[in-house]
Amino acid sequence: MHEELENFERNHVWDLVEPPPNCRPIGTKWVFKNKQGEDGMVVRNKARLVAQGFCQKEGIDYEETFALVARLEAIRILLAFAVSKGFKLQQMDVKSAFLNGFIEEEVYVRQPPGFESARFPDRVYKLRKALYGLKQAPRAWYARLKSFCSSPDKTLFLLSRGGDTLIVQIYVDDIIFGGSSHALVSSFAEQMSREFEMSLMGELQFFLGLQIKQGLEGTFVHQAKYTRDILKKFNMGDSKPMTTPMSTNTALDADEDGEAVDQKEFRGMIGSFAVCLCARYQASPRTSHRQAVKRIFRYLKFTHVLGLWYSSGSSLSLRGFSDADHAGCRIDCKSTSGTCQLLGTSLVSWSSRKQASVALSTTEAEYIAAASCCSQLLWIKATLSDFGLRFGRIPLLVDSTSTISVAKNPVLHSRTKHIDVRFHFLRDHYEKGDIDLIHVVSANQLADIFTKPLEFDAFTRLRGWRGVDNALMKGEIESQWTGLIALLV
């Protein structure tokens, strides 16, 4: 706590002043946290003074807000790009980052609890810089970082010098950076250290719950620690492993006659990882729904060491896969869209989502899924353009020939009048030359794994870990595997 207040003094965060007339100072409170490392050990006990920003009113105490949070797809794209270009990513942490952001509004806060001035107990602090908890704090911190050229992703910053490029990815106060020149990377680290109080953490190893191993042959990304933690949290650590996350015979519905289960526990379980099907029943969960979630946990127990492999030999060609399970929901007959996007052999983005409207045919369901995949491909293309990559027609692989015909042939327009207009931008971008719709046989449709439960053989083949499952069962698995996808990461 004393260290935190000393940091305030060094950064000239505030001044102790007499409260002006009609002043309504914002309260402050202490927040305590144990910071853990990759191995789960406590590396630091942290105390932070935060403002009670929930009492601020928009238009009076602040104008605009902006949270500097990177999309996970952007992190994975950077990892795949870095390993392909042969440079390793570094990590640094800005100590008390928000205290470096200047605020334009006049803000007063109460003295910290337990550290009130004995001489001036009625005075308040007038802020010069942002304080954690204030609505405008993230935006003020972002303004300090705008000395770089920004890309469509506001959390990505680029700096070019003498033909070399530095890439910086921001997640609030955590910074990932790397570049084609060691001198440029070192110069950036030194510049940031002069400007802010930094913790240089060296090579990127642990970020947002992702464990990252960078090597000469590639980068391995997994969540073994996180998986063990959630299994322990929900008392599933000793459960019997399963080889697939869901049985093909499972057909979940509302199960109104089933026994109700604890809603808070169920929501905590499905909120621990990315799900689509089980999350539909969180308003009124039943025993059958909890059993389905427990099977997923048992699958995670079986595959906790699996992850994503980004090979240094992979190309940087962009492509996407899209598929749909027509009328798969037993409650409202809506379809499920499944999409994934790859840079060469590196999986960087995926989605499994129930469609917003009922599709009248398999063609319509596949068309909607393809439109969603096209949108994500265009965003990835825009991001990669800042890395200096240029693309012609991006392949979008679909296993429905009728869907391809609808997108390519305007004569069929009369048969697609009922499809929402926003989905026809797929045809628009095909005609512009942004994407190329290509047919792929259903057996090779990678996105099929995101639409419905599959048999063991089909599931493991699409997952890309042939021959690994026997080793898992025998306990022979190690963390040095190459493959395409693990559903948890």
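Between Asp253 and Phe115, residue separation times 0.36 nm minus the direct Cα-Cα distance comes to 44.1 nm. Charges were assigned to the Cβ only: +1 to each Lys and Arg, -1 to each Asp and Glu. The resulting dipole of the chain about its Cα centre is roughly 240 debye. Pairs over the 18 Å Cα-Cα cut-off, from the set Lys354/Lys452; Lys240/Lys452; Lys240/Lys301; Lys35/Lys129; Lys33/Lys301: Lys240/Lys452; Lys35/Lys129; Lys33/Lys301. Give me the percent of accessible area attributable to carbon and sulfur for the chain, probe 1.4 angstrom. Carbon and sulfur together cover 49 percent of it. Report, in degrees rounded to the nearest 10, the 0 to 90 angle that the Cα long axis of helix 224-233 makes with the longest principal axis of the chain. Here the helix axis deviates by roughly 80 degrees. This model, with +1 at the C-beta of Lys and Arg and -1 at the C-beta of Asp and Glu, gives the range 384-460 a dipole about its Cα centre of some 400 debye. Ranked by the mean number of other Cβ atoms within 10 Å per residue, highest first, peptides 416-424, 239-247 order as 239-247, 416-424. Annotation: per residue accessible area for the range 268-390 equals 34 Å², rounded to a whole number [probe 1.4 Å, protein chains only]. Only one residue of Thr165, Val109, Ala140 has its Cα farthest out toward the positive end of the dipole of the range 98-192, where Lys and Arg carry +1 and Asp and Glu -1 on Cβ, and that residue is Val109. Listed peptides 343-349, 92-98, 227-233 appear in the order 343-349, 92-98, 227-233 once ranked by packing, highest mean of other Cβ atoms within 10 Å at the front. Over all other residues within a Cβ to Cβ distance under 9 Å of Pro245, the charged ones net out to +2, with Lys and Arg as +1 and Asp and Glu as -1. Over the range 94-209, Cα pairs under 8 Å with separation of 6+ residues give a relative contact order of 24 percent.
Taking the Cβ of Asp399 as the center, what net charge do the other residues with Cβ under 9 Å away carry, scoring Lys and Arg +1 and Asp and Glu -1? Net local charge, Asp399 excluded: -3. Between the helical axis of 182-195 and the longest alpha-carbon principal axis of the chain there is an angle of about 40 degrees. Under the convention that each Lys and Arg Cβ holds +1 and each Asp and Glu Cβ holds -1, the size of the dipole of the range 180-242 around its Cα centre is about 460 debye. Annotation: the range 234-295 has a Kirkwood hydrodynamic radius of 12.2 angstrom, from the mean reciprocal C-alpha pair distance. Using only Cα atoms, find the angle between the long axis of helix 72-85 and the longest principal axis of the chain, and express it within 0 to 90 degrees, rounded to the nearest 10. Helix 72-85 sits roughly 80 degrees off the main axis of the chain. Taking every DSSP beta bridge that has both ends in the chain, the antiparallel portion is near 85%. Over the range 219-338, Cα pairs under 8 Å with separation of 6+ residues give a relative contact order of 37 percent. Among beta bridges from DSSP that stay inside the range 324-469, the antiparallel ones total about 65%. Of all lysines in the structure, those lying under 20 Å Cα to Cα from Lys85, and not within fewer than 8 positions of it along the same chain, are Lys213, Lys381.
The values are calculated or read from the model by the stated rules, or taken from the named source; none is laboratory data. This is a predicted model, so every value here is computed, not measured. Reconstructed Cβ throughout: ideal geometry from the backbone, glycine too, with neighbour counts over all protein chains shown. For the accessible areas, the whole protein counts, side chains as well, though only heavy atoms, and no ligand, DNA or RNA atoms are used. Shrake-Rupley method; radii C 1.70, N 1.55, O 1.52, S 1.80 Å.
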